[in-house]
Every structure is written in structure tokens, then in C-alpha cells.
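Have a look at the structure below before the remarks.
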Amino acid sequence: MGAAAEDKWAWVKIGDPFPENPVRAKGEQNQYLALWYKNGKPVFGRAWNDGGVVQCSFPYSGRELTGANDLGGQIQILTYTGDFASNKFQYKWVPWSERNGAKFALVRCGQATSIALPAKSGNRLAGNLDLTTETATAAEAGKEERHVGGQVY
């Protein structure tokens, strides 16, 4: 068995056509893993297909950042083309408490990874987990929701 393929990220501008084969957030039909950088620091969030174009939401500094005015530039959306046989890996959501299993590797950028968080609204949102502080954040309705330490488990 050869080496596993690398993660592939589509660089897109907000409002551009939605990329093909995006990786879905856990249990969601129109929510996908997204990555953005603020002052060189990676932040995971969510993107969705709005009539064929990219829209997104990222938690940052107590707020929800959306749209080109908040985010500027480009974001990345995780994509997966092919299958396990050709890529030698697949994406699977696992509970945070099971992350250290020998057969799992985190999708991460620096000290950040994506996480699915239950929001106060009852929705599950793709958000950001800071691996250094074990602080998980997601955003909705203009506000950031934060879970720390034991709450993340």
C-alpha cells in the first residue's frame, strides 16, 4: 500500500462558484469545512452553498465573521475526490475523546483543527479548536460560542 494522498483545499473567494467535492461537516447537508487565516493564524469555520456560490462563517474574537467585508481575500474549502483505494485515506468524524486512536490523524493547520459543536440554537456547527488551549469556538447569528477544556469532550 503506497503513501496516502494529501488533503486538498480549494481556494475560493466569497461569492465565487462553489467548488466540486467539498467535505461535509458532520451530519449536515449544506455545511462544509472551511479554513481562513487572520494575521497568519489559521481559523476553521464553515462554508455553505448559497445558490451555487460560496458563503461562510468563522468564529473570531467573540464574533461571527462572514462575507468579504469581514474576511476579505480568500478562504479554503476542504475537498475530496476519489475514494479510499486511490487516496489511501478517508475523512471520518470521531468524538474528540477518541482522537488519539492509532488509525486517526487530525485534519489540522498549525495548532488548529475543525470541530463540530452543538450550538445554543440546537444546530451543530463546524468551528475551530485551538489545540494548545483546547478552546473550541463556532459562530452563528453574529456571535461566537465558546467551549473550553472539559466542555470540548
Quiz prompt | Net charge of neighbours whose Cβ lies under 15 Å from the Cβ of residue 26, counting Lys and Arg as +1 and Asp and Glu as -1 | solution = +3
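Express the carbon and sulfur contribution to the solvent-accessible surface of segment 1-52 as a percent, rounded to the nearest whole number, probe 1.4 angstrom. Walk me through the intermediate numbers first.
Values: 1380 of 3090 Å².
Heavy-atom surface of segment 1-52 belonging to carbon and sulfur, 1.4 Å probe: 45 percent.
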Self-check item: Calculated P(r) tail over 17 Å for segment 81-153, as whole % of Cα pairs
Solution: 50 percent
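Considering only the other residues whose Cβ falls under 10 Å of the Cβ of residue 111, what net charge follows from Lys and Arg at +1 and Asp and Glu at -1? Spell out each step's value before the answer.
Numbers: positive: 41, 108; negative: 130.
Neighbourhood net charge equals +1.
222 nm [θ] for the chain, helices only, -39500 (n - 2.57) per DSSP H run of 4+, per residue, to 500? Mind dumping the intermediate values first?
Working: 2 runs with 9 residues, N = 153.
For the chain, the value works out to -1000 deg cm²/dmol.
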Exercise. Please work out the Cα center distance from segment 95-153 to segment 30-85, rounded to the nearest Å.
Key: 15 Å
Quiz item: Could you give me the ³J(HN,Hα) list for segment 71-88, computed from phi with Karplus coefficients 6.51, -1.76, 1.60 and θ = phi - 60°, whole Hz, x at Gly and Pro?
Solution: 9, x, x, 10, 10, 10, 10, 5, 10, 9, 10, x, 8, 4, 4, 8, 9, 6
Quiz item: Size of segment 1-62 along its principal axes in angstrom, Cα-based, largest extent first?
Solution: 44, 30, 23
Practice problem: At a Cα cut-off below 18 Å, give the lysines reachable from residue 143, other chains included and same-chain residues fewer than 8 away excluded. | Solution: 38, 120
Self-check item: Neighbourhood charge, 10 Å Cβ-Cβ cut-off, centred on residue 136 and excluding it, Lys, Arg +1 and Asp, Glu -1
Solution: -2
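The values are calculated or read from the model by the stated rules, or taken from the named source; none is laboratory data. Source: prediction; values computed, not measured. Positions of Cβ are backbone-derived with ideal geometry, glycine not excepted, and every protein chain shown enters the neighbour counts. Accessible surface areas use protein heavy atoms only, side chains included; no ligands, DNA or RNA. Shrake-Rupley method; radii C 1.70, N 1.55, O 1.52, S 1.80 Å.
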